[in-house]
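Here's the structure we're looking at; comments come further down.
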Amino acid sequence: MRRAVFPGSFDPITLGHINIIKRALPLFDEIIIAIGVNTEKKYMYSLEDRERFIEESLAGESKIEVKTYQGLTANFCKAENAPFLLRGLRNTGDFTYEQSIAQTNNAMTGVESVFLICDPSLSHISSSIVRDVKRNGGDISGLVPEAVGK
Ligand code: ADP
């Protein structure tokens, strides 16, 4: 079973995340979208909302499951019997950040990170940009799936 975990904060899920997930569907038998819960982090959207946005945006995709987790992502992958960890890369900043994490995760549990390069039309989108636009009363509808925008 080729099972992958796609971890993130998803605060909120964006069109960038959706693009990576949809393009990864043919590569895996199952993708667990894993919302990381860090009790020290302040989120804009509640965990319930973040979960609901993902479920509504990907309704009907039978290969996808949404879960929440705490602690090390590599340990979560192991507990879920997922040999693969999926991440998206927007730019060299993402690459530099992800490189040492992927190497550490692999050394710890053997989990293999798989990276998809983001679609050029979506490389400006991040959850933090969405939150900034929203906080300042802007229109986020071009950045997020409908479930978040409404
Ligand atoms: P984290 O807090 O772990 O960075 P995010 O929810 O911000 O979590 O992102 C989860 C994953 O989605 C990361 O691999 C990130 O690089 C990727 N990602 C975020 N935005 C985009 C985008 N616009 N295009 C492609 N991948 C993206």
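The values are calculated or read from the model by the stated rules, or taken from the named source; none is laboratory data. Keep in mind that this is a model prediction, so the values were computed, not measured. For accessibility, only protein heavy atoms count, side chains too; no ligands or nucleic acids. Shrake-Rupley method; radii C 1.70, N 1.55, O 1.52, S 1.80 Å.
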Rank GLU51, GLU30, GLU80 by mean-square fluctuation in a GNM of the chain with C-alpha springs under 10 angstrom and give only the top-ranked residue.
GLU80
Taking the convex hull of the Cα atoms, report for the stretch 1-99 its projected area averaged over all directions, in nm².
6.6 nm²
Count the lysine pairs in the stretch 7-74 whose Cα atoms lie under 26 Å apart, taking only pairs 8 or more positions apart in sequence or on different chains.
4
Taking all protein chains in place and a 1.4 Å probe, what share, in percent, of the accessible surface of the stretch 13-79 do carbon and sulfur account for?
47 percent
Under 18 Å from LYS134, Cα to Cα: aspartates and glutamates that are on another chain or at least 8 residues apart:
ASP11, ASP49, GLU146
Can you give me the accessible area per residue for the chain, using a 1.4 Å probe, in Å²?
54 Å²
Which residue fluctuates most in the GNM of the chain (Cα springs below 10 Å): VAL114, VAL133, VAL66?
VAL133
Computed [θ] at 222 nm, helices only, for the chain once each DSSP H run of length n ≥ 4 contributes -39500 (n - 2.57)
-11500 deg cm²/dmol
For MET44, solvent-accessible area (1.4 Å; no DNA, RNA or ligand), Å²:
70 Å²
Checking ILE32, ILE101, ILE64 against a Gaussian network model of the chain (alpha-carbon springs below 10 Å), the top fluctuating residue turns out to be ILE101
Express in nm, to one decimal, how much length is gained between VAL133 and GLU112 on full extension, taking 0.36 nm for each residue of separation and deducting their alpha carbon distance.
4.1 nm
